[in-house]
Structure formats: structure tokens, C-alpha cells
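Novice: Have a look at this one before I ask anything.
The values are calculated or read from the model by the stated rules, or taken from the named source; none is laboratory data. Just so you know, these numbers come straight off a predicted model, no measurement behind them. Counting neighbours? That spans all protein chains shown, and the Cβs are built from the backbone with ideal geometry, glycine included. Heads up: the accessible areas ignore ligands, DNA and RNA and are worked out on the full protein's heavy atoms, side chains in. Shrake-Rupley method; radii C 1.70, N 1.55, O 1.52, S 1.80 Å.
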Amino acid sequence: MKNIKTMIALGLALPLLWACGSDGDESASSQDKVYTFKVTHEEYADTVPDLYAKELARRVEEKSNGRIEFEVFQVGQLGVGVDLIDHLLTGATQMAIVSPGNVATIVPEGQVFALHYLLPTDVKAAYDFLAQSDVANTDLPAIYAEKNLKLMDLWPLGSSNWLTKEKVQEPADFEGMAFRTMDTPLIVKNYEAYNANPTPISYTDVYSGLQLNMISGAENPLGALVDMKWFEVQDYLIMSNHIMYLEGVFINNEYFNKLPEDLQKILSETIDEMHDYAYELQKKANEKAGQTLAANVEVVNLTDDQIDSFKAEAKTVRSFFKNNMGERPAEILEKLEAELRDFEQQQDASAG
């Protein structure tokens, strides 16, 4: 009987001993396991998002001693636009560096940044504002997390301007123009306010659309206008500075939460460090692109009065956002407007 009891006791204890041993092995193996991040972005090789992704990969791989590795895919390799978000949501990829506009149908609150003349028109001021904004750093990340998207950072690729076949100096000049937009409801609404004919076309098809006169205008930061060579088939660069084109650094939230805590910390801290690096990248790219554009198209610098005429029309879209996008989006916009007023006061005080 004693032997039987001993055998039973041993039988119950063995699973516990195995479990303890398993925890130790699992802990040890987690230190050796390599986590692969497939990263997609919206541009071609050696553009700002591509250089950002590659530098982020270098820093994180070095800090993690190779426990995190990256595979970077440029636009078109795994899809374009909303495809990149679809892949991220399904876990086919782990990170995407894309405009919040591509997430608009999933998180309508993110469309707030598509409103014309909302953020500061100076790129450095926009960077500084976003770095301190509670909306950008707390409210929106919490909303994206509801959809399994972790918003790690938000930074401007540059101030967007218009590249057109006709000289545009006031809203009336847009009337009837087939103008290329992203397939984002609020961006379409912006150009309807100018009485244009907003025409969503895939990013990689814009050149041929301009060349074949399917569309007569497009928007983007200067660097992107040059990277995509759209200036080759256009005549005018309208320096409107109407929006800050933002890049969001998104990670699949479930994948991030399964990472060991030390790797989560490395990723978060490194992406924070990269905020200033992104500013320097875009500054260099946009300055160089400005020179290229000036040598190939006529540059139109709008007067303050002309800018004001566009701002007046843009305010109607802001009202539409508040009244038609839902309660939470309206609250986000109102909070953002309040933050911007405070920021402008800080800027004025510093200048004084």
C-alpha cells in the first residue's frame, strides 16, 4: 500500500515538476526567440518613409541583439493604401508606416488631420505640436487600440501643396477640375467644398492618370511630388500648404502585446527617438525637392488674401465634420482646436 501511495504521489508531482521545468525553458527560449516584423510603407525605395523604416530596423535590431528583425516592403510590393492596413489587421504584417487617411474607414476620428488649414502650416511647428498633443499621444492611440492598431508615433512627411495643369489661385479655379484624392471620405469632401471633381485614384496610378488627362491635379508634400515624378506631366506648383501630410507608425496591437516586456520597451523607446530623425529626413528631402520643382514647373506663391479665401471654404468642411461624423469625432476635433489655440499662444509668447 505504501508503494502504491508513493507512486500516486510521484504521478501527481511529475506534471508539476515538468511545468516548473517548462517555465524555465520557456523563459530561456524567449531570450533566444527572434521576432520578425514585416513592415510596409507608402513610398518607393530611398524615400523618407523607406529611410525611416530602415533606420528604425537598424536601431532596434542592434538594441535587441538581433531578437527583433525587420523585413521592409515598399509601396506596391504587398499592396497600396488601405491594403497595407488590411494586412496589418489580419497579422500578415506587423507594422505599417502610413497616413491616417488610409485608416479612415476603420477609425473615422483619424480623418481630423485631413481637414485643410487645421494644423500649423510650418512643418517644425506641426512636429512640435504633435509631440505634445494629448489628442495625438493619448486619445487617438486609445481609439486605434480598439481596432487592434497600436499608434506608436505621428509625424509630418511635409506640408502638402497642389500640382496642377491650370494655375490655381482661388477656390473658383478648382471648379470642375478632376483632382486626384485618396479614397477617404473627408478628403473628398474638402475638394467638393472647392467645387472640384475629387477623383480617388491609386497612388501608383497617378502618373498615368495625369499623363492621360484623366485627372488635372494632385496633392502631396514636395518630396513625394518629386519621388513620384508627377511634375513631369504638370505645369504649376501651387504653394498652398493646406495640410500637413502625416505618417502614422502603426503596429498590430495583439502582436506587440505578445512580445517580451523588454522588447516592447526597446520598440517604444526607439520609435520615440526616431521622431526627431523623421523631421530631419523630411526637411532634407523637401528642400531638395523644392529646387527640382522650381526648375521644372511654374511655382505659384499664394497671397495671404488668396489663402484666406481657401480657409473660408475649408471651414465649411470643419463644420461638416462636427455635425456629421459622430459625437466622438466631434469631441476629438474640438479638443484638438483647443490644443491648437493654446499652442499658438505659446508660440506667440516665445516669439515676443
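Novice: Select from Ala338, Ala92, Ala314 the residue whose mean-square fluctuation is largest in a Gaussian network model of the chain (Cα-Cα springs shorter than 10 Å).
Specialist: Highest fluctuation of the listed residues: Ala338.
Novice: So how much slack lies between Ala349 and Glu254, counting 0.36 nm per residue of separation and subtracting their Cα-Cα distance, in nm?
Specialist: Length gained between Ala349 and Glu254: 29.9 nm.
Novice: Suppose the chain between Glu71 and Thr90 were pulled fully straight at 0.36 nm per residue; how much longer would it get relative to their current alpha carbon spacing?
Specialist: So the extension gain works out to 5.1 nm.
Novice: A further question follows. How much length would be gained if the chain were fully extended between Asp304 and Lys165, taking 0.36 nm per residue of separation minus their Cα-Cα distance, in nm to one decimal?
Specialist: Full extension of this stretch gives 47.8 nm more.
Novice: Only one of the values [x] 19.6, 59; [y] 21.5, 71; [z] 24.3, 100 was calculated from this structure for Rg and Dmax of the Cα atoms in Å; name its label.
Specialist: It is the one labelled [z].
Novice: Moving on. How large is ³J(HN,Hα) for each residue in the stretch 324-332, as worked out from phi by the Karplus curve 6.51 cos²θ - 1.76 cosθ + 1.60 (θ = phi - 60°), to whole Hz, x for Gly and Pro?
Specialist: Calculated HN-Hα couplings, in order: 10, 8, x, 5, 5, x, 4, 5, 4 Hz.
Novice: With point charges of +1 on the Cβ of Lys and Arg and -1 on the Cβ of Asp and Glu, referenced to the Cα centre of the chain, which listed residue (Ala193, Thr121, Ile106) lies farthest in the positive direction of the dipole?
Specialist: Going by the Cα projections, it comes out as Ile106.
Novice: Below 8 Å between Cα atoms, with a sequence gap of 6+, how large is the relative contact order for the chain in percent?
Specialist: 22
Novice: What does the accessible area per residue of the stretch 232-305 come to in Å², with a 1.4 Å probe and no ligands, DNA or RNA counted?
Specialist: Dividing the accessible area of the stretch 232-305 by its residue count gives 49 Å².
Novice: Near Lys147, within a Cβ-to-Cβ distance under 13 Å, what is the net charge of the other residues, with Lys and Arg +1 and Asp and Glu -1?
Specialist: -3
Novice: Turning to a different aspect of this structure: Pull up all non-local amide H partners of Asp153: gap of 5 or more, or a different chain, and H-to-H distance under 5 Å with H placed in the peptide plane.
Specialist: The list, which skips near neighbours in sequence, is Val249.
Novice: Given Tyr277, Ala218, Met95, which one lies farthest toward the positive end of the charge dipole of the chain, if we put +1 on the Cβ of every Lys and Arg and -1 on the Cβ of every Asp and Glu?
Specialist: Met95
Novice: Take the Cβ-Cβ distance between Glu327 and Asn137 as r, set R0 to 35 Å, and report the resulting FRET efficiency rounded to the nearest 0.05.
Specialist: Details: r = 22 Å, r/R0 = 0.62.
The calculated FRET efficiency here is 0.95.
Novice: Here's another thing I want to ask about it. So what are the stretch 45-176's ellipsoid semi-axes, whole angstrom, largest first, if each one is the square root of 5 times an eigenvalue of the alpha-carbon gyration tensor? Walk me through the numbers before you get to the answer.
Specialist: Details: eigenvalues 168, 68, 58 Å².
Listed largest to smallest, the semi-axes of the stretch 45-176 are 29, 18, 17 Å.
Novice: Let me ask another. Using the Karplus curve 6.51 cos²θ - 1.76 cosθ + 1.60 with θ = phi - 60°, what ³J(HN,Hα) values do you get for each residue of the stretch 112-121, in whole Hz, with x for Gly and Pro?
Specialist: My calculation for the stretch 112-121 gives 4, 7, 8, 5, 5, 6, 9, 6, x, 7 Hz in order.
Novice: Something else now. Please give the FRET efficiency for Lys33 paired with Asp272, using the beta carbon to beta carbon distance and R0 = 22 Å, rounded to the nearest 0.05.
Specialist: So the FRET efficiency works out to roughly 0.35.
Novice: Rounded to the nearest percent, how much of the accessible area of the chain (1.4 Å probe, protein heavy atoms only) is carbon and sulfur?
Specialist: C and S atoms contribute 49 percent here.
Novice: Then there's this: Mind pulling the per residue volume of the convex hull built on the Cα atoms of the stretch 197-255? Å³ is fine. Numbers along the way, then the final one.
Specialist: Values: hull volume 7.6 nm³, N = 59.
Cα convex hull per residue, to the nearest whole number: 128 Å³.
Novice: Same structure again: Counting DSSP beta bridges with both partners in the chain, what percentage is antiparallel, nearest 5?
Specialist: 55
Novice: Only Lys, Arg, Asp and Glu count, each charged at its Cβ (+1, +1, -1, -1), so figure out the dipole size of the stretch 150-288 about its Cα centre, rounded to 20 debye.
Specialist: The dipole magnitude comes to about 260 debye.
Novice: If you don't mind, there's one more thing I want to ask. If you roll a 1.4 Å probe over the heavy atoms of the protein chains, what accessible area per residue do you get for the stretch 131-196, in Å²?
Specialist: 35
Novice: Quick check: from the Cα gyration tensor, does the stretch 119-226 come out rounded (a/c under 1.5), prolate or oblate?
Specialist: prolate
Novice: Okay, next question. Enumerate the residues in the stretch 290-325 having an amide nitrogen under 15 Å from the point lying 7 Å beyond the Cα of Asp173 toward its Cβ.
Specialist: Within reach of a label on Asp173: 297-311.
Novice: Compute the FRET efficiency between Glu62 and Gln211 as 1/(1 + (r/R0)^6), taking r as their Cβ-Cβ distance and R0 = 45 Å, and round to the nearest 0.05.
Specialist: Efficiency computed from Cβ-Cβ geometry: 0.55.
Novice: Right, something else. Could you pull out every residue, at least 5 positions away or on a different chain, whose amide H is within less than 5 Å of the one on Ser240? Hs are placed 1.01 Å off N in the peptide plane, and Pro or chain starts have none.
Specialist: HN-HN under 5 Å from Ser240: Trp162.
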